[in-house]
Amino acid sequence: MTKIDTVLSGGYAPASEPGLTEPQAGLSRARDAAPMMTIWAECTVSAAHRFAQYEMHGHTYFIRVSVREGQDGFLNAESFRDELMRIRAGVDHRCLNDVLETPTMEELARWFAREVGKEGFDVTEVQVIRPEGLGCRLTLAG
């Protein structure tokens, strides 16, 4: 059994139990907090952009969007993925300068967070990854 399985199954004693070490006390507090499940979906975006110092050029971006499960503890992953694929059409095979004020991967992450959020999903994280070993991660407080 892993530590997380033990925490979720309640295998640790209460923090007030005598002889409990500090790491065990922390895990006990974690057990008392409601666990958060996230679902993620990915898509690929191919888009061009230009900056004053660079001519028009393009990139392929791998986008991963994570969302919190619904109030009822359920989120249909396939429906979420289908919605993400619909949203990506707003930037796929486009010039990002026509969509974003600043056509960077950081702004692309913010754009995905906003657009997915508009559809009623509780976005927790967006990752934008370029195959040449670059990327960014937008983590939203929740």
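Only the coordinates and a few stated rules stand behind these numbers; no lab work does. Nothing here was measured: the structure is a model prediction, and the numbers come from that model. Neighbour counts run over all protein chains shown; Cβ positions are idealised from the backbone, glycine included.
What the table shows:
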| item | result |
| --- | --- |
| Residues of segment 89-118 that turn out to be under 16 Å from Thr38 (Cα atoms) and either surrounded by 17 or more Cβ atoms within 10 Å (Cβ to Cβ) or touching a Gly at 6+ places or on another chain (Cβ under 9 Å) (or both), as a count | 2 |
| 2 or more residues touching a Phe, Trp or Tyr at 6+ places or on another chain (Cβ under 7 Å): qualifying strands (runs of 3 or more DSSP E) within segment 25-142 | 38-51, 54-68, 123-130 |
| Test: Glu78 is free of Cβ contacts under 8 Å to residues at least 12 places away in the same chain, buried (at least 16 other Cβ atoms within 10 Å of the Cβ) and over 11 Å from Val45 (Cβ atoms) | no |
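Table: residues versus (1) in contact (Cβ under 8 Å) with a residue 40 or more places away in the chain; (2) in contact with a His (Cβ under 8 Å, 6 or more places away or on another chain); (3) buried (at least 18 other Cβ atoms within 10 Å of the Cβ).
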| residue | (1), (2), (3) |
| --- | --- |
| Val45 | yes, no, yes |
| Tyr61 | yes, no, yes |
| Asp72 | no, no, no |
| Glu83 | no, no, yes |
| Ile87 | no, no, yes |
